Amino acid sequence: VQLQASGGGLVQAGGSLRLSCAASGRTFSSYYMGWFRQAPGNEREFVAAISWSSGSTYYADSMKGRFTISRDNAKNMVALQMNSLKPEDTAVYYCAAGRRRTVVTGTSNGYDYWGQGTQVTVSS
């Protein structure tokens, strides 16, 4: 299984970025796909998750209204659209996949596969 995250970069506060995660190596129909982030000195933090089969979405409170997670079943890709970015959104962003029956929504528990991360830097 491979998860390839891309789309990170440098953006000014108030700007937008769209992250993508290309998933391969198995069928993910019974999986949740999640985005997490980790800033230097901080613990890994849940950002958003989506059920691959139903499309149900979950967000951390601080991301609601600014971030949108989506999936493209045909392309086996998950995206994270990030708007109104703030300097505190600066972090390495990771995509992950976990089986629906083991994932604890809102946490990193139960995620079996992780991508390599993509850096997002928001300047003030």
When you go through (1) surrounded by fewer than 16 Cβ atoms within 10 Å (Cβ to Cβ); (2) among the basic types (Lys, Arg); (3) within 18 Å of Val1 (Cβ to Cβ) one by one for Lys86, which number turns out not to apply?
(3)
Please state which of the following conditions Val47 fails to meet, knowing it meets all the rest: (1) open to solvent by 60 Å² or more (accessible area, probe 1.4 Å); (2) within 16 Å of Gln81 (Cβ to Cβ).
(1)
Out of Arg71, Arg101, report the one residue that is more than 21 Å from Ala39 (Cβ to Cβ), in a loop (DSSP other than H, G, I, E, B), out of contact with any helix residue (DSSP H, G or I) (no Cβ under 9 Å at 6 or more places or on another chain) and open to solvent by 70 Å² or more (accessible area, probe 1.4 Å).
Arg101
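Determine whether Ser29 is polar (S, T, N, Q) and open to solvent by less than 60 Å² (accessible area, probe 1.4 Å). I'd like the intermediate steps shown before the answer.
On the way: polar (S, T, N, Q): yes; open to solvent by less than 60 Å² (accessible area, probe 1.4 Å): no.
The answer is no for Ser29.
The values are calculated or read from the model by the stated rules, or taken from the named source; none is laboratory data. No experiment lies behind these values; they were computed from the predicted model shown. Reconstructed Cβ throughout: ideal geometry from the backbone, glycine too, with neighbour counts over all protein chains shown. Side chains are part of the model used for accessible areas, which takes the heavy atoms of the whole protein and leaves out ligands, DNA and RNA. Shrake-Rupley method; radii C 1.70, N 1.55, O 1.52, S 1.80 Å.
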